[in-house]
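I have placed the structure first, in the form of structure tokens, so that the comments after it can refer back to it.
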Amino acid sequence: MTSTVTPDGRTIGDVLLEVKNITLRFGGVEAIKNISFDVREGEIRAIIGPNGAGKSSMLNVINGFYHPQEGEIFFHGRKRNAMKPSQIARQGIARTFQNIALFKGMNTLDNIMTGCFTHMKTSLLEQAIWWGRAEREEYVYREKVEHIIDFLEIQAIRKTPVGALPYGLQKRVELARALAAEPKLLLLDEPMAGMNVEEKEDMCRFILDVNAEFGTTTVLIEHDMGVVMDISDRVVVLDYGRKIGDGVPDEVRSNQEVIDAYLGVAHD
Amino acid sequence: MYYREAGDFKTSYRKDQQNFPIRFDRVHFWTMMVLAFAVIPFFINDYWANAVFVPFLIYAIATLGLNILTGYCGQVSLGSAGFMAVGAYASYKLMTSFPDLNFFVIVVLSGAITALVGTAFGLPSLRIKGFYLAVATLAAQFFLVWLFNKVPWFYNNSASGQISVPRRDMFGIAITGPEASAATKYLVCLAIVFVLGFIARNLTRGRIGRSWMAIRDMDFAAEIIGVDPLRAKLSAFAISSFFIGIAGSLFFTIYLGAVEVGEAFGIERSFLILFMVIIGGLGSIYGSFAGAAFLVLMPVLLKNALVGGLGWPSDVAAHLEFMIMGALIIFFLIVEPHGLARLWAVTKQKLRLWPFPY
């Protein structure tokens, strides 16, 4: 056990997820080149890097959309074989998307309820009769979802079709849907992209609260450096598919290679 | 008393998620059911049963089935009539092979057989989407009709190639065959519709229904929250075919009595059911009934108005009917792509505030 306590009093435990020497190619393009890093239980881990650095590809590898040509992924210390995304979701990995991927034909409540899918167990026949177990199960999860709705302060839009919601709220509903899966590992792909300062502050607060309240390990991709340096425990920096930095925010900030990648460097 | 939800407070999730959360709807629904079950059977005659009620109820089942597949799960199918044919021929074979089997058991078994066939034809949906899937199901439509025409085993080698329903009794009353009374036919269909309607509603409001809608709206997001596309799509095909199979079975045993596959279950029937889904409203249980009622009643009304009322020749009226139908479908696609169900929802929304709209 190598648990440490952060300055703000959260406990960070063992390694939850470890990616080792991942290489991902699309034809001749190497999107990710030999990248390794780990995520420890309870921490907020940021992945940053300029456009096209391979950040989103990395998340897609972690939740099973892409299968890397080389490298291994360890989750809970066990090597993970190639799986379908739905199987990986069952292991307790949830995510949000850079461009919102909500179910437009449903209302907020149903969207979040869909997040409970892996936990709900009643069979097709029980669902068809809607008597006893199926009905009870629905209300048990409805109550859990209501807690999340309270937590993220979206009570007022419970029955609103998600297509009619403003952007910031849609992002929040997407976070709620991911939380409804009670994930062990939460992947957030640019949770604050396109938001104004106030919305960003709200979202930061929610991410920190989720981490503090539920102890959810979070991996987030973000472009806003202020946000990243403020809320994350450790940061991985990618550039052109390579890892160029890894460490606590202060280390990363003073890393010459990282500064070069962001500011550009004179080629002579 | 008019449409009100003010003061209608919900104190439990059960009450909040019931079928008709507003009391007005609840009262009207059950009043309608009492009328349908206890009053109409005493007044129904052969004309009303054969021209209006029985076809409406049977098409409502088929429309519910297709709506589950297309409206809820987003998989377009043009093979509905082919699957209806499976249901019809399954009941024919079951009725002639096992003469003692209860009629309702036969109907359910026909549905189950159709569900198997439908699942098999649903397999391509795992690879192809949209228009291409529509074409694949079109192949199912033509293949199934061809099969029932070409293999004499399906129609017990009858010389005409037709199948005709044998008489079956229950409690000493004829349910199928020419002796069945209008009220019996109507009540049998109504009972089945009532049960299937509730099943459809239950399936679409719970875990399974949400997994279908998730696949329809955003398939990759559905996958990352744990919905297996294979299971979601195939279960939608199975349930949808089960409904359509039962519709086909009733269409043959109760409504037509004798069937020639190309005539009764041709491609036009598939399109008619698809139109019912579109006009009624994709992804709505209420819309399935509204669409079926609209497209069954419309021709009857037009015919009565044009031939009976204005005295036009019936061939002119028939052609005019085609034109009006076509125009209406285009009208709905442009003005209200979500169909009658959405129109109804908008009306209800307005009624909530009526008569003080601010």
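Run the quick spin-label model on residue B:328 and residue B:98: label points 7 Å from Cα toward the beta carbon, then report their separation in nm to one decimal.
Going by the 7 Å Cα→Cβ label model, 4.0 nm.
Taking the alpha-carbon centroid of each part, what is the distance from region B:172-248 to region B:56-133 in angstrom?
9 Å
Arrange the residues B:54, A:15 by how much accessible surface each exposes, largest first, with a 1.4 angstrom probe. Before the final figure, lay out the partial values.
Values: B:54 0, A:15 65 Å².
Listed by decreasing accessible area, they come as A:15, B:54.
Rank A:119, B:319 by accessible area, highest first, at a 1.4 Å probe radius? It would help to have the intermediate numbers written out before the result.
Details: A:119 55, B:319 115 Å².
Largest to smallest exposure gives the sequence B:319, A:119.
Summarise the accessible area of the protein assembly as shown (1.4 Å probe, protein heavy atoms) by the percent that is carbon and sulfur.
Values: 17620 of 28550 Å².
Taking all protein chains in place, the protein assembly as shown shows 62 percent carbon and sulfur surface.
What does the average come to when, for each residue of peptide B:229-240, you count the partner chain Cβ atoms lying within 10 Å of its Cβ?
Working: counts 3, 2, 2, 2, 0, 0, 1, 0, 0, 1, 2, 0.
Whole-number average of other-chain Cβ neighbours for B:229-240 is 1.
Put A:131, B:212 in order of accessible area, largest first, 1.4 Å probe: what do you get? Working shown, then result.
Values: A:131 205, B:212 0 Å².
Most to least solvent-accessible, the answer reads A:131, B:212.
Nearest 0.05, what FRET efficiency do residue A:6 and residue A:201 give at R0 = 22 Å with Cβ-Cβ as r?
Numbers: r = 21 Å, r/R0 = 0.94.
Working from the Cβ atoms, E equals 0.60.
Ignoring solvent entirely, what values of log10 I(q)/I(0) come out of the Debye formula for chain B at 0.09 Å⁻¹ when each Cα is a single scatterer?
Values returned for q = 0.09 Å⁻¹ are -0.53.
Can you list the chymotrypsin sites (Phe, Trp or Tyr not before Pro) in region B:139-188 that are in a DSSP coil and have 10 or fewer other beta carbons within 10 angstrom? Don't skip to the answer; put the middle values down first.
Working: sites: B:142, B:143, B:146, B:148, B:153, B:154, B:155, B:171, B:186; in loops: B:171.
Counting only loop positions with at most 10 other Cβ atoms within 10 Å, the chymotrypsin sites (Phe, Trp or Tyr not before Pro) in region B:139-188 are B:171.
Between residue B:24 and residue B:314, with labels modelled 7 Å along Cα→Cβ, what's the label distance in nm to one decimal, could you check?
For residue B:24 paired with residue B:314, the spin-label model returns 4.3 nm.
Would you please give the FRET efficiency between residue A:159 and residue B:230, computed as 1/(1 + (r/R0)^6) with r the Cβ-Cβ distance and R0 = 45 Å, to the nearest 0.05? If you can, show how the numbers build up before the last one.
Details: r = 31 Å, r/R0 = 0.70.
The calculated FRET efficiency here is 0.90.
Let me confirm one metric for peptide A:129-135, namely the mean number of other chain beta-carbon atoms within 10 Å of its residues' beta-carbons.
Across A:129-135, the average partner-chain Cβ count within 10 Å equals 3.
Ranked highest first by average number of other Cβ atoms within 10 Å, how do A:62-68, B:300-306, B:225-231 line up? Each step should come with its number before you reach the end.
Working: A:62-68: 18.4, B:300-306: 15.1, B:225-231: 20.9.
Packing order, densest peptide first, comes out as B:225-231, A:62-68, B:300-306.
Leaving out ligands and nucleic acids, and using a 1.4 Å probe, what accessible area per residue does region B:154-243 come to in Å²? The partial results should precede the final answer.
On the way: 3190 Å² over 90 residues.
Value for region B:154-243: 35 Å² per residue.
If you add up the charges near residue B:249, with Lys and Arg at +1 and Asp and Glu at -1, over every other residue whose beta carbon is less than 15 angstrom from its beta carbon, what do you get? Could the numbers behind the result be given before it?
Working: positive: B:93, B:168, B:185, B:269; negative: none.
So the environment of residue B:249 carries a net charge of +4.
Probe of 1.4 angstrom, ligands and nucleic acids ignored: what's the accessible area per residue over chain A, in square angstrom?
Values: 11940 Å² over 268 residues.
Roughly 45 Å² per residue, with all protein chains present.
If I take R0 = 41 Å and measure r between the Cβ atoms of residue B:151 and residue B:45 in this structure, what FRET efficiency does the formula 1/(1 + (r/R0)^6) give, to the nearest 0.05? It would help to have the intermediate numbers written out before the result.
On the way: r = 39 Å, r/R0 = 0.95.
Efficiency for this residue pair is about 0.55.
Taking a probe of 1.4 Å and counting only protein heavy atoms, give the total accessible area buried between chains A and B in Å², rounded to the nearest 100.
3200 Å²
If I model a spin label as a point 7 Å beyond the Cα along the Cα-Cβ vector, how far apart are those points for residue B:344 and residue B:195 in nm?
Taking the simple label geometry, residue B:344 and residue B:195 are separated by 2.3 nm.
Give the share of C-alpha pairs in each 10 angstrom bin for region A:6-117, from 0 to the last occupied bin, in whole percents, shortest bins first.
Values per bin, smallest distances first: 12, 38, 34, 16, 1.
Could you work out how far the C-alpha centroid of region B:21-48 sits from that of region B:274-300, in angstrom?
19 Å
Once you average over the residues of A:79-86, how many Cβ atoms of partner chains fall within 10 Å of each Cβ?
Values: counts 0, 0, 0, 0, 0, 4, 10, 11.
Counting other chains' Cβ atoms within 10 Å and averaging over A:79-86 gives 3.
Can you bin every Cα-Cα distance in region A:98-181 into 5 Å intervals starting at zero and give me the percent of pairs per bin, rounded to whole numbers?
3, 15, 27, 22, 16, 10, 6, 1
What translational diffusion coefficient, in µm²/s and rounded to a whole number, does the Stokes-Einstein relation yield for the protein assembly as shown at 10 °C and a viscosity of 1.306 mPa s, taking the hydrodynamic radius as the Kirkwood radius over Cα pairs?
Details: Rh = 27.5 Å.
The calculation lands on 58 µm²/s.
Between region A:104-170 and region A:233-268, what is the separation of their alpha carbon centroids in Å?
Measuring centre to centre over Cα atoms gives 41 Å.
Before anything else, pin down the relative contact order of chain A: Cα pairs under 8 Å, at least 6 apart, normalised by residue count, whole percent.
Details: 454 pairs, mean separation 69.7, N = 268.
Rounded, it is 26 percent for chain A.
How about region B:7-88: which chymotrypsin sites (Phe, Trp or Tyr not before Pro) there lie in a loop by DSSP and see at most 10 other Cβ atoms within 10 Å? Write down the numbers at each step before the final one.
Values: sites: B:9, B:13, B:24, B:29, B:30, B:37, B:42, B:43, B:47, B:48, B:53, B:56, B:59, B:72, B:83; in loops: B:9.
Listed in order of number, the matching sites are B:9.
Relative contact order of chain B: what whole-number percent is it, with Cα pairs under 8 angstrom and at least 6 residues apart? Don't skip to the end; give the middle numbers.
On the way: 521 pairs, mean separation 102.7, N = 358.
With pairs under 8 Å counted, the relative contact order is 29 percent.
Please express the Cα-Cα pair-distance distribution P(r) of chain A as a list of whole percents, one per 10 Å bin, running from 0 to the bin with the greatest distance.
With 10 Å bins starting at 0, P(r) equals 6, 28, 34, 22, 8, 1, 0, 0.
Less than 11 Å Cβ to Cβ from residue B:175, Lys/Arg counted +1 and Asp/Glu -1: what total charge do the surrounding residues give? Show your work: numbers first, answer last.
Values: positive: B:167, B:168, B:185; negative: B:169, B:179.
Local charge sum for residue B:175: +1.
Could you tell me what percent of the DSSP beta bridges with both partners in the protein assembly as shown are antiparallel, to the nearest 5?
Details: 28 of 45 bridges.
Rounded to the nearest five, the antiparallel share is 60 percent.
Residue A:243: which lysines have alpha carbons under 16 Å from its alpha carbon, excluding same-chain residues fewer than 8 sequence positions away?
A:20, A:33, A:55
Sort A:135-143, B:128-136 for me by packing, meaning the mean count of neighbouring Cβ atoms within 10 Å per residue, highest on top.
Working: A:135-143: 16.6, B:128-136: 14.3.
Going from most to least packed, we get A:135-143, B:128-136.
The values are calculated or read from the model by the stated rules, or taken from the named source; none is laboratory data. Keep in mind it's a predicted model, so treat the numbers as computed, not measured. Ideal geometry is used to build each Cβ from the backbone, glycine not excepted, and the neighbour counts take in all protein chains shown. For accessibility, only protein heavy atoms count, side chains too; no ligands or nucleic acids. Shrake-Rupley method; radii C 1.70, N 1.55, O 1.52, S 1.80 Å.
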